[in-house]
Amino acid sequence: MDIESVIKIVDALKRMTATSLKDIILAIETFKSNISYGLHEKKSIMLIDKAVDSITGIENFSMHNFIEIVKQVLFQNDGNAGKQIENFLNLDKETLYRWYQYINRNYEDDIIYHTFHSTKGLEYDNVIMVFGDAFGRNKSYFNNYFAGYNTKLKDNELELYRKARNLLYVAATRARINLRILYTGDYQSKKETFDIIFGKVALWKKVDDSGRIEVCSTI
């Protein structure tokens, strides 16, 4: 690869102004296409492809291949995960970076994010718990607790109830002074149970970009 080819690559990288994950992927695809078009040696084109594949960790990097990996790794090939995948692709760079820091447990900010399980043994003055009905692959994990509260349960139902209850206990007892809970699941069907367990519950409203109001319960 000659110096002129290297200069073309540097110029292409400088022109990247992507802000979301989707934009970044499309910019990389455009970068590969433009650079390959400007190079005449097949060996140089192959080096560019290998370099991009090496940096991204994806063989034959493309938007399609990236989505397939996300679908498999993050959503276990869930055929109904189209909306979630689209939301993931539209994450801005800053949010994506914070998510990466969270996954790798690189805590640099005053606000520290944890999974429920990873909080065991830790303590903080102020804790905010955010959860809904689902947990991991189980779409009704925490719902099993609220649905089974003060109810006579069978063996299997009782096991699911206790698992959810114990995990909630671990997370909730990390707070030394202040605890707030943001519940994103179906609150109305559990209102009476919530009032018994948590006491005062307020509704938190968020307006998305389309003007739709999302309602969550805060405790």
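Those residues that are in contact (Cβ under 8 Å) with a residue 12 or more places away in the chain, part of a loop (DSSP other than H, G, I, E, B) and surrounded by fewer than 16 Cβ atoms within 10 Å (Cβ to Cβ), I need them from region 150-174; list them, please. If the condition is that a residue be in contact (Cβ under 8 Å) with a residue 12 or more places away in the chain, part of a loop (DSSP other than H, G, I, E, B) and surrounded by fewer than 16 Cβ atoms within 10 Å (Cβ to Cβ), then Asn150 is the only one that fits. Are any residues in region 9-61 at pLDDT 65 or above, outside any helix (DSSP H, G or I) and of a type outside the set (Val, Ile, Thr), and if so, which ones? Passing the criteria: Ala18, Ser20, Gly57, Glu59, Asn60, Phe61. Here Leu89 meets the list (1) free of Cβ contacts under 8 Å to residues at least 24 places away in the same chain; (2) under 11 Å from Ile25 (Cβ atoms); (3) under 14 Å from the mean Cα position of the chain (by Cα) almost entirely, failing just condition (1). Counting the residues of region 176-196 that are surrounded by 15 or more Cβ atoms within 10 Å (Cβ to Cβ) and closer than 14 Å to Phe146 by Cα gives 7.
Restricting attention to region 74-104, the residues being in a loop (DSSP other than H, G, I, E, B) and surrounded by fewer than 11 Cβ atoms within 10 Å (Cβ to Cβ) number 5.
Within region 125-139, can one find any residue that is within 17 Å of Phe198 (Cβ to Cβ), out of contact with any Gly (no Cβ under 6 Å at 6 or more places or on another chain) and part of a loop (DSSP other than H, G, I, E, B)? It would help to see each step written out before you state the result.
Just the residues of region 125-139 that are within 17 Å of Phe198 (Cβ to Cβ), to begin with: 127-133.
Okay, now just the ones that are also out of contact with any Gly (no Cβ under 6 Å at 6 or more places or on another chain), so 127-131.
Okay, now just the ones that are also part of a loop (DSSP other than H, G, I, E, B), so none.
No, every residue in region 125-139 fails to be within 17 Å of Phe198 (Cβ to Cβ), out of contact with any Gly (no Cβ under 6 Å at 6 or more places or on another chain) and part of a loop (DSSP other than H, G, I, E, B).
Residues that are over 23 Å from Val127 (Cα atoms) and polar (S, T, N, Q) were ranked within region 156-215; the one that is modelled with the lowest pLDDT is Ser210. Candidates are the residues of region 105-143 that are over 18 Å from the mean Cα position of the chain (by Cα) and at pLDDT below 85; the one that is surrounded by the most Cβ atoms within 10 Å (Cβ to Cβ) is Asp109.
The values are calculated or read from the model by the stated rules, or taken from the named source; none is laboratory data. Only a predicted model underlies this, so the values are computations on that prediction, with no experimental measurement involved. Here the Cβ is made from the backbone with ideal geometry for all residues, glycine too, and neighbour counts use every protein chain on show.
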